[in-house]
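Sharing a structure below in structure tokens format, with a few things to ask.
The values are calculated or read from the model by the stated rules, or taken from the named source; none is laboratory data. Not measured: the values here are computed from a predicted model. With ideal geometry, Cβ positions are generated from the backbone for all residues, glycine too; neighbour counts draw on all protein chains shown. With ligands, DNA and RNA removed, areas are computed over all heavy atoms of the protein, side chains included. Shrake-Rupley method; radii C 1.70, N 1.55, O 1.52, S 1.80 Å.
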Amino acid sequence: MKANGKVHKYGDNVDTDVIIPARYLNTPDAKELASHCMEDIDKEFVNKVNDGDIMVGGFNFGCGSSREHAPLAIKTAGISCVIAKTFARIFYRNAINIGLPILECEAASDAIAAGDEVSIDFDTGVITNITKGETYNAEPFPEFIQDIIKAGGLMASIRK
């Protein structure tokens, strides 16, 4: 499994209330959630993001509440992977549950800039910054987690 896209970059401690503001949580519609993704820190995100793009964050990405709305909004907005130095544990698990690939890689988070084109090989964990001609190594998911993500999330994996 691979991903390739343009980077949208954010800093440390991006919390779930920033990813999807609480005022929109009364809708079960993933597309409606995605239309408000990141709006409190990046009003233009939903206008700039394209299917397959990649989000890069710093330390403690996805901290805050335990709701699955945050990774769902990111995935539905078109993001194919989130790379961060570290993830809040509940966000990490929720991302896997809904089939959003995420990778922890401090070197990539430090070196990749907004707008860079990046490709990711999920089988090996190799992240390639095409713009800068650099590669970074993240720990790939074990095969069973890759299977969950490929299936589109935990429930889809169980149904399969």
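Do we have residue 54 as open to solvent by 40 Å² or more (accessible area, probe 1.4 Å) and touching a Cys at 6+ places or on another chain (Cβ under 9 Å) here?
On the way: open to solvent by 40 Å² or more (accessible area, probe 1.4 Å): no; touching a Cys at 6+ places or on another chain (Cβ under 9 Å): yes.
It is false that residue 54 is open to solvent by 40 Å² or more (accessible area, probe 1.4 Å) and touching a Cys at 6+ places or on another chain (Cβ under 9 Å).
Scanning for something in contact (Cβ under 8 Å) with a residue 24 or more places away in the chain and over 17 Å from the mean Cα position of the chain (by Cα), does the stretch 35-44 turn up at least one residue?
Among the residues of the stretch 35-44, not one is in contact (Cβ under 8 Å) with a residue 24 or more places away in the chain and over 17 Å from the mean Cα position of the chain (by Cα), which makes the answer no.
Of everything in the stretch 57-90 that's in a helix (DSSP H, G or I), closer than 19 Å to residue 157 by Cβ and not aliphatic (A, V, I, L, M), which residue is most open to solvent (accessible area, probe 1.4 Å)?
75
Among the residues of the stretch 22-51, which ones are charged (D, E, K, R), surrounded by 12 or more Cβ atoms within 10 Å (Cβ to Cβ), out of contact with any strand residue (DSSP E or B) (no Cβ under 9 Å at 6 or more places or on another chain) and farther than 10 Å from residue 77 by Cα?
So in the stretch 22-51, the residues charged (D, E, K, R) come out as 23, 29, 31-32, 39-40, 42-44, 48, 51.
Narrowing the set further to residues that are surrounded by 12 or more Cβ atoms within 10 Å (Cβ to Cβ) leaves 32, 39-40, 42, 48.
From the residues that got through so far, the ones that are out of contact with any strand residue (DSSP E or B) (no Cβ under 9 Å at 6 or more places or on another chain) too are 32, 39-40.
Within the stretch 22-51, 39, 40 qualify.
Now, a different point. Tell me the strands (runs of 3 or more DSSP E) entirely within the stretch 116-160 that contain at least 3 residues that are farther than 17 Å from residue 53 by Cβ. Reasoning before the result, please.
Numbers: elements: 117-121, 126-129, 134-137.
Where strands (runs of 3 or more DSSP E) fall fully within the stretch 116-160 and carry at least 3 residues being farther than 17 Å from residue 53 by Cβ, they are 134-137.
Scan the stretch 121-155 for residues that are surrounded by fewer than 15 Cβ atoms within 10 Å (Cβ to Cβ) and hydrophobic (A, V, I, L, M, F, W, C) and jot them down.
130, 144, 155
Could you count how many residues in the stretch 92-110 are buried (at least 16 other Cβ atoms within 10 Å of the Cβ) and either in contact with a Phe, Trp or Tyr (Cβ under 7 Å, 6 or more places away or on another chain) or outside any helix (DSSP H, G or I) (or both)?
8
Cβ-Cβ below 8 Å, separation at least six or inter-chain, first residue in the stretch 5-21 and open to solvent by less than 10 Å² (accessible area, probe 1.4 Å), second of a type in the set (Gly, Ala, Ser) and not in a loop (DSSP other than H, G, I, E, B): which pairs?
The qualifying pairs are 16/70; 19/70; 19/73; 20/70; 20/73.
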